[in-house]
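Just below is one structure, and these are the notes that go with it.
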Amino acid sequence: MACCVCRLERQAQMNKAIAIEARNLSFAYQTKINIIKHLNLSLYKGETVVLLGANGGGKTTLGKLLTGILKPSSGELLLFGENLSMLPLFKIGQKLGYSFQNPVQQLFTVSVEEEIAFGLKYRGANAEEISRVTEQLMKLFEIEHLRDAFPLNLSWGEKRRVVLASCLALQPEYLILDEPTTGLDQKRIDILNRVLNNLRQEGVGMLLISHNQSFVRENAQRILRMEKGAIVDDLYL
Amino acid sequence: MKAVEAREITFTYQGQTSPVLDRIDFSLEAGEIAALTGLSGCGKSTLGYCLCGVIPRLIKGDFSGEVILRGRPGIVFQDPDTQIFMPSVEAELAFGPENLGLPRGAIAVRIADIAELVGINDLLMLNPAQLSGGQKQLVALGGVLTLSPDIIVMDETLAQLDAATQENVKRILMTLKQHGKAIIIIEHDISNLDIADQIWLLERDGLLRMPARKASANE
Amino acid sequence: MTFTSKLDPRTKLFLIACLSSSAVIMSHWTFLAVLFGISVLLLLLFGVNPWGMLKKCKLLLYMVLGIAILQSIFMPAGQAIITVGSLKLLSLGGLKMAGEFILRMLIIIASAGILSTSSSREIIQGLVQCKLPYEVALMASLGIRFLPVFAEEFRDTMIAIQLRGVDFKTLPFKQKIEVMGSLFQPVVAGAIIKSKALAMSIEMRGFRASPHRSSYLVLKCRIRDYVIMISCGILTALMMFCYFSI
Ligand SMILES: Nc1ncnc2c1ncn2[C@@H]1O[C@H](COP(=O)(O)OP(=O)(O)OP(=O)(O)O)[C@@H](O)[C@H]1O
Ligand SMILES: Nc1ncnc2c1ncn2[C@@H]1O[C@H](COP(=O)(O)OP(=O)(O)OP(=O)(O)O)[C@@H](O)[C@H]1O
Ligand SMILES: [Mg+2]
Ligand SMILES: [Mg+2]
């Protein structure tokens, strides 16, 4: 019975459109040691995948490769069918939302409000829409009282929420979040869970990297386990 | 013996109008572990800074109250990127004991012991800039432990570690506790509060103390 | 690891001290060209790719080039090459001066490249064993590291901007200026916050806690270090002699 369901689901996966695909992907930093080794992977639209694995296994590296921040040493990457290495980073950013493991790296404006509005503003949204989206997200992530605060002075969890809000303001088609729960208390993790669930209903696919077991349980539809640069386990729940 | 005593700590960051911490009191015995928890942004890291003297010495603002420390403090900051500054992991671990003026042989022993304990033996010769987030947190912890502090503050050090490594660090903390260290861990994850003797919940109107077992059962 | 990169950092410090002080003292382009040749040779010996280095400090090179051009325009001397009306736009003397300036800067950049084959820890220890106080050496090394950190921060910011789906290059000019202006404050404030955090970390690890500081790393000069230092000293003295007797 369980097996039957499993097969049916697999069938459904087959019909799903691929969001990101990696073919024989390898990567080494300047240290010349292969961190990602001949990796093959398909991530589907509308599917939530959780990437697990020990520290130093290569999760962050893989996430950065899929976002185009790092360039593969060999192999191919496709984003919605387009060759990812040919796409300029801003084109990728228009489709993909990415949040760094350390939120500090992603904050560059003078206030929380501007941080969230930045993408919309320079992509030509009108003032009304910008303020509507920004207000809504600040309220959602409970950072309204920080609207004028300097982002780099915030606490880790506040920075995290600002980064998440800035990503979501752009309505990405796919999300890659690297350990999004660090610095967040249970109440805020619940909020994040709710937000991610809504996105899932809307058909947004996501890759979540996390060590937080309850967060993983709450969100995972498919679990990838990574060890020493290779996917050793790929499991549909 | 009380290792840490804090009375009426009040702190306002420069440029802010309302205090982050408002008349906070607490104390911790040597050989005890306290877990400090509370909503994100409620002032846990700030309290950690006060506890080990970074506030008021190095961070500007309005501080009042008193912190008494019986022993050397050591703090693992929340962001390992700002803590680590040496060009190799080994040098990072050596920095503390060098400052204490330990002889070379003793430093070598300490580095070897701590690296083994924390599980960063293989990383000793690497540049910390080339490590993963979790590995950086371990190195930051190692750099504090080689200092052999009596009072240890760990600001969400477990957050980026995988399950097995978290268990290992918790084991290390239990050992340190048996050696009479006073330990304060700042933590959001309830499943990690099981090693604590006291649980402190930081709220707007002060520090709420909860008996350890009951708290984790209730939640 | 080549034979030369295992040299004592003090030997390297001595080498580059000779090189860069000669480059500053000698202001004749043939001597500078010889010095430049020597420094490229040294870079190769130390296993540093000079071309790769040039690429890394592109921005700095543009600046040097810019200054050189300005210099040759505003301090005309000797025979004019290009004139606009009565204004000497480019002169032989100005050109020579610009060339010397560029060579000098290149030699200094090459010296930095030689030094970069030792880790900052070794260099600090080298300076300390030359009787420089540890605090001064540490601060100097952290200060030097500030530039690359700054560059990295800037790169991160550019990545973050693009990840928000904004193409900086095709923004209208007005918006480009606006973005650039708005970046200035966070980047500077971010650097200050970082350096304060660094001070916190250093202090909390017992820095200056005890009057006596020991060192885990101890450097020992070997025979080859002495040989290189002495021959380098003699060579420098010879060049100086030639230079001043011309
Ligand atoms: N900039 C770099 N240069 C060289 N090696 C690096 C660099 N960044 C990471 N590495 C190495 O690559 C490996 C994978 O790192 P990565 O950050 O991808 O791990 P991770 O799975 O995200 O771990 P964590 O759970 O600790 O975040 C590690 O062994 C690390 O030492
Ligand atoms: N340098 C600063 N200047 C102004 N305000 C600050 C500064 N540092 C922190 N704050 C503010 O003080 C409050 C407490 O920050 P703190 O870092 O102590 O929170 P925290 O409890 O550690 O949160 P988290 O769990 O997210 O790490 C936050 O609202 C933060 O925005
Ligand atoms: Mg990671
Ligand atoms: Mg904190």
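The values are calculated or read from the model by the stated rules, or taken from the named source; none is laboratory data. Because the structure is predicted, anything quoted here is derived from the model rather than measured. Here the Cβ is made from the backbone with ideal geometry for all residues, glycine too, and neighbour counts use every protein chain on show. The area values use the complete protein model at the heavy-atom level, side chains included, leaving out ligands, DNA and RNA. Shrake-Rupley method; radii C 1.70, N 1.55, O 1.52, S 1.80 Å.
Output the direction-averaged projected area (hull surface divided by four) of the convex hull of the alpha-carbon atoms of the protein assembly as shown, in nm².
Its average projected convex-hull area is 37.2 nm².
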Normalised Cα Rg of the range A:51-177, dividing by 2.2 N^0.38 Å with N its residue count, works out at 1.12
Along the range C:202-217, Karplus-curve 3J(HN,Hα) (6.51, -1.76, 1.60; θ = phi - 60°) to the nearest Hz, with x for Gly and Pro, reads 4, 4, 6, 9, x, 4, 6, 6, 10, x, 10, 10, 9, 9, 6, 8
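Among DSSP bridges having both ends in the protein assembly as shown, what percentage is antiparallel? Round to the nearest 5.
55
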Once the dipole of chain A is set up from charges on Cβ (+1 Lys and Arg, -1 Asp and Glu), the residue from the list A:Ala127, A:Leu77, A:Thr48 lying farthest towards its positive end is A:Leu77
Counting only protein heavy atoms and rolling a 1.4 Å probe, one gets per residue an accessible area for chain B in Å² of 39
Using alpha carbon centers only, the range B:1-35 is separated from the range C:183-202 by a whole-angstrom value of 26
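Dipole size in debye (nearest 20) for chain B around its Cα centre, Lys and Arg Cβ +1, Asp and Glu Cβ -1?
Its charge dipole is roughly 440 debye.
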Counting only residues 5 or more apart in sequence or on a different chain, those whose built amide H sits under 5 Å from that of C:Ser210 are none
Per principal axis, largest first, the Cα atoms of chain A extend in Å by 49, 47, 33
Taking r as the C-beta separation of A:Asn198 and C:Ile67 and R0 as 51 Å, the FRET efficiency to the nearest 0.05 is 0.35
Here the range B:23-28 yields Karplus 3J(HN,Hα) values (6.51, -1.76, 1.60; θ = phi - 60°; whole Hz; Gly and Pro given as x) of 6, 9, 10, 6, 8, 9
Connecting every pair of Cα atoms under 10 Å apart in chain A and solving the GNM, the largest mean-square fluctuation among A:Arg222, A:Arg194, A:Arg132 falls on A:Arg132
antiparallel share of DSSP beta bridges within the range B:127-219, to nearest 5, in %, is 55
To the nearest Å², the heavy-atom accessible area per residue of chain C with 1.4 Å probe amounts to 57
GNM on chain C, Cα springs under 10 Å; top mean-square fluctuation among C:Phe101, C:Phe36, C:Phe173 goes to C:Phe173
Here the tail fraction of P(r) beyond 20 Å, over all Cα-Cα pairs of the range B:99-215, rounds in percent to 48
Heavy-atom accessible surface buried between C and A, both sides counted, 1.4 angstrom probe, nearest 100 Å², is 2100
antiparallel share of DSSP beta bridges within chain A, to nearest 5, in %, is 55
Result for chain A: accessible area per residue, probe 1.4 angstrom, in square angstrom, of 43
Note: chain B, point scatterers on Cα, Debye, no solvent; log10 I/I(0) at q = 0.14, 0.18 Å⁻¹ equals -0.87, -1.37
Across C:194-201, the residue-averaged tally of Cβ atoms belonging to other chains within 10 Å stands at 6
The range A:131-160 scanned against label point 7 Å out from C:Ile193 along Cα→C-beta; backbone N under 12 Å for A:149-160
Cα-based Debye curve of the range C:120-215 sampled at q = 0.10, 0.13, 0.23, 0.25 Å⁻¹ gives log₁₀ I(q)/I(0) of -0.44, -0.63, -1.22, -1.33
Surpassing 20 Å at the alpha-carbon level, of the pairs C:Lys12/C:Lys55; C:Lys56/C:Lys196; A:Lys45/A:Lys95; A:Lys45/C:Lys169; A:Lys64/A:Lys228, are C:Lys12/C:Lys55; C:Lys56/C:Lys196; A:Lys45/C:Lys169
Mean-square fluctuation maximum in Gaussian network of chain B, Cα pairs under 10 Å, restricted to B:Leu124, B:Leu102, B:Leu161, hits B:Leu102
With x for Gly and Pro, the residue-by-residue ³J(HN,Hα) of the range A:81-98, computed from phi through the Karplus equation 6.51 cos²θ - 1.76 cosθ + 1.60 at θ = phi - 60° and given in whole Hz, is x, 9, 5, 5, 6, 8, 7, x, 4, 5, 5, 5, x, 6, 10, 10, x, 10
If every Lys and Arg gets +1 and every Asp and Glu gets -1 at its Cβ, then about the Cα centre chain C yields a dipole, in debye to the nearest 20, of 320
Magnitude of the Cβ-charge dipole (Lys and Arg +1, Asp and Glu -1) of the range C:120-215 about the Cα centre, nearest 20 debye, reported as 100
